[in-house]
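To start, I am sharing the structure in question, which I have written as structure tokens.
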Amino acid sequence: MGVNAPSVRLPLTFVLTGLVALLTGMSWLVIRPAILAEYHYNQYVIATTHLFVLGWICSVVMGAMYQLVPVALETKLYSEKLAGWQFAFHVVGFIGMVWMFRVWNMKQVGHFGCVFATGVGLFVYNIARTLRRVPKWNVTATAVTAALCWFSLTVTAGLFIAIGKCSYETSEGLATAEGVRTLVGGLRQLAGFMSHFDAISAMHAHAHLGGVGFFTMLIVGVSYKLIPMFALSEIQSTRRAVWSVALLNVGLAGSFVTILLRSPWKLAFALVVIAALVVYGIELAAILRARKRRVVDWGIKYFLTAVGLYAPVSVLAVVLAWPGLPLNPFTGQLENVYGFLGLIGVVSFAIMGMLYKIVPFLVWFGSYSRQIGRAQVPALADLYSAKLQAAGYWSYLAGLIVTSSAIMFSSEAFVRCGCALLASSISTLVINVGMMLSHYIRPCLKPLSTSPSAILKTA
Amino acid sequence: MNPHPLDEATILQTLRQVIDPELGCNIVDLGLVYNVAILGTKVSVVMTLTTPGCPMHESIRWGVNNALLNLEGVDDAEVEVVWDPPWHPSMMTEFGRNATGVGSF
């Protein structure tokens, strides 16, 4: 294992949890396509969204951050033990939340949300302490720090929304300890404060905090380190990279407030976020043009296609932020497409691409890092099937196109077809991850030549 | 008495059995090995990696050390990773360029 990275088991556990959630969520959509074909403000959409966001995306992102932040920023993880505890809070929290959203018990959502938030607190503390050890501060470290702040705000906003929806018993009637009565009284006041905001606007503002502040910020920031590493290139303009992160922060802060208050100014801040993504795209293209490794592997293709999907998502953002946009069933479906393409298109596709880098890397470290030089060991690309990976890429892309079109026109039958394509793509990923893990269980080693005469014969 | 005394060609051929797992090519054809010095039964290697902060840093260094110590006639090995001069694809052999898909320089 690299000196800076934690043990292989920790990130792998998060990744496998994420894959189970992804497959479960997509199967749920195949069984019940109405979730996407109907307007999104209902218990099933919110439950499924949280399954994807917390169970799939957050699990993988957290596991990957425990692995990548120390490696990418050349430092050590603050505490692996804390990360283990966080995993327990995370799993109990998100499963409970998804289940309680499904049965629409907001009080229990709040309780499980607190369990989840405790895990997030441990996660943020652990990564923040890790960031304090970074020897050379750079744009990636800045973006990761910003992402942690936005993530904390996302979770806080989510808890506030849950509290706002709860109807607590009157605190005066409680025959309990003074502390509990004070707490319940405080929660009631908070619920009163949240009642000033429109429920759907609050939900949209909360979703943008997470989707842009945590996920997009990490995609942008971490790729400034990983894409040059994988493509054998380097950042071409640090100033451009810094501007993209700064604009993303400013645009998101403004978007959050204007979405929450239903202000017509939300279009202006949406354009700031889009400007950040354009600057990011220009820099990414420059990095790729300067790459020394001409061949772009499938993992990078997944990632770059995901980044390309920011274009239709941005167009939808402008349309949906347009002042005076009529609220009718079609614009409601456009909102569904926007959320779907953002989470299942951009973020999930990018993560799947990065998983083809992260999982082989983890398995290789676990199985072969101590054997290198003692035996012939496979390369990372030998741990899985590139053909399956390519099949997964095309079926995912087809699934996204079919599902997005079907959502727009509220076609349950075609949503089911599109999600079936996506599920088949995810299955290729699961099979490939299984192939990788088989190396973890049974490493594939061949003996080295150790005699000088034998070695020279092979020359 | 070893019928094949250690020489640079033997050492380099030995190190061709150590791969950079991300690039799928051995470190010699990648141009990562800068210098080999043989002093009796001790071998010293000066090498680099494709990028500073490479997550494979320790594994590859460890692998080079292992490969040298496994070689008959080697009792001691020293591996130094340096960043100056920085690695560039022009340091690769033609075999390395073909194996990794790196363009010509």
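We did not get these values from a lab; they are worked out from the coordinates using the rules stated. What you see is a predicted model, and the numbers here were worked out from it, not measured in a lab. Every residue, glycine among them, receives a Cβ derived from its backbone with ideal geometry; neighbour counts consider all protein chains shown.
Only bridges with both residues in segment B:8-87 count here: give the DSSP antiparallel percent, nearest 5.
Numbers: 8 of 14 bridges.
Within segment B:8-87, antiparallel bridges account for around 55 percent of the total.
Computed on alpha carbon atoms, what radius of gyration and Dmax characterise segment B:1-47, expressed in Å?
Both quantities, over Cα of segment B:1-47: 11.8, 39 Å.
What is the angle, in °, between the Cα long axis of helix A:9-31 and the longest principal axis of the Cα atoms in chain A? Nearest 10 is fine, range 0 to 90.
Roughly 60 degrees between the two axes.
Short version: ³J(HN,Hα) in whole Hz for each residue of segment A:150-156, in order, from phi by Karplus 6.51 cos²θ - 1.76 cosθ + 1.60 (θ = phi - 60°), x for Gly and Pro, what are they?
Along segment A:150-156, the couplings run 5, 5, 4, 5, 4, 5, 4 Hz.
Please work out the C-alpha center-to-center distance from segment A:181-199 to segment B:21-82 and express it in whole Å.
63
Suppose we keep just the DSSP beta bridges with both residues in the protein assembly as shown; what percent of those would be antiparallel, to 5?
Details: 11 of 18 bridges.
Of those bridges, close to 60 percent are antiparallel.
If you rank A:S385, A:S59 by fewest surrounding Cβ atoms within 10 Å, what's the result?
On the way: A:S385 14, A:S59 25.
The order, fewest Cβ neighbours first, is A:S385, A:S59.
Follow-up. In nanometres, what is the gap between the two model label sites at A:S263 and A:L82, each 7 Å from Cα along Cα-to-Cβ?
3.5
Sorted from fewest to most neighbouring beta carbons within 10 Å, what does the list A:T142, A:T48 look like?
Details: A:T142 19, A:T48 23.
Listing A:T142, A:T48 from fewest to most nearby Cβ atoms yields A:T142, A:T48.
Using only Cα atoms, tell me the angle between helix A:59-72 and the longest principal axis of chain A; keep it within 0 to 90° and round to the nearest 10.
Here the helix axis deviates by roughly 50 degrees.
Shifting gears a bit: For A:L248, A:L421, which order do you get if you count the other beta carbons within 10 Å of each Cβ and list the fewest first? Spell out each step's value before the answer.
Details: A:L248 27, A:L421 22.
Lowest count first: A:L421, A:L248.
What are the radius of gyration and Dmax of the protein assembly as shown, computed over its Cα atoms and given in Å?
26.1, 95
Separate question: Per residue, how big is the convex hull around the C-alpha atoms of segment A:328-442? Give it to me in cubic angstrom, could you? Write out the running numbers ahead of the final one.
Numbers: hull volume 9.4 nm³, N = 115.
Dividing the Cα hull volume of segment A:328-442 by its residue count gives 82 Å³.
Stretched out fully, how many nm does the piece from A:C444 to A:A285 gain, at 0.36 nm a residue minus the Cα gap?
Details: separation 159, 0.36 × 159 = 57.24 nm, distance 3.77 nm.
Computed gain between A:C444 and A:A285 is 53.5 nm.
Let me ask something else. Which whole-number percent gives the relative contact order of chain A, counting Cα pairs below 8 Å spaced six or more residues apart?
Value for chain A: 17 percent.
Report the normalised scattering of segment A:293-377 as log10 I(q)/I(0) at q = 0.15, 0.25, 0.26 Å⁻¹, calculated by the Debye formula with identical scatterers on the alpha carbons.
-0.69, -1.10, -1.13
Place +1 on the Cβ of every Lys and Arg and -1 on the Cβ of every Asp and Glu in the protein assembly as shown, take the dipole about the Cα centre, and give the residue among A:T13, A:N249, A:Y41 whose Cα lies farthest towards its positive end.
About the Cα centre, the residue reaching furthest to the positive side is A:Y41.
Follow-up question, since we're still on this one. Once both axes come from the Cα atoms, what is the angle between helix A:310-321 and the longest principal axis of chain A, in degrees from 0 to 90, rounded to 10?
10
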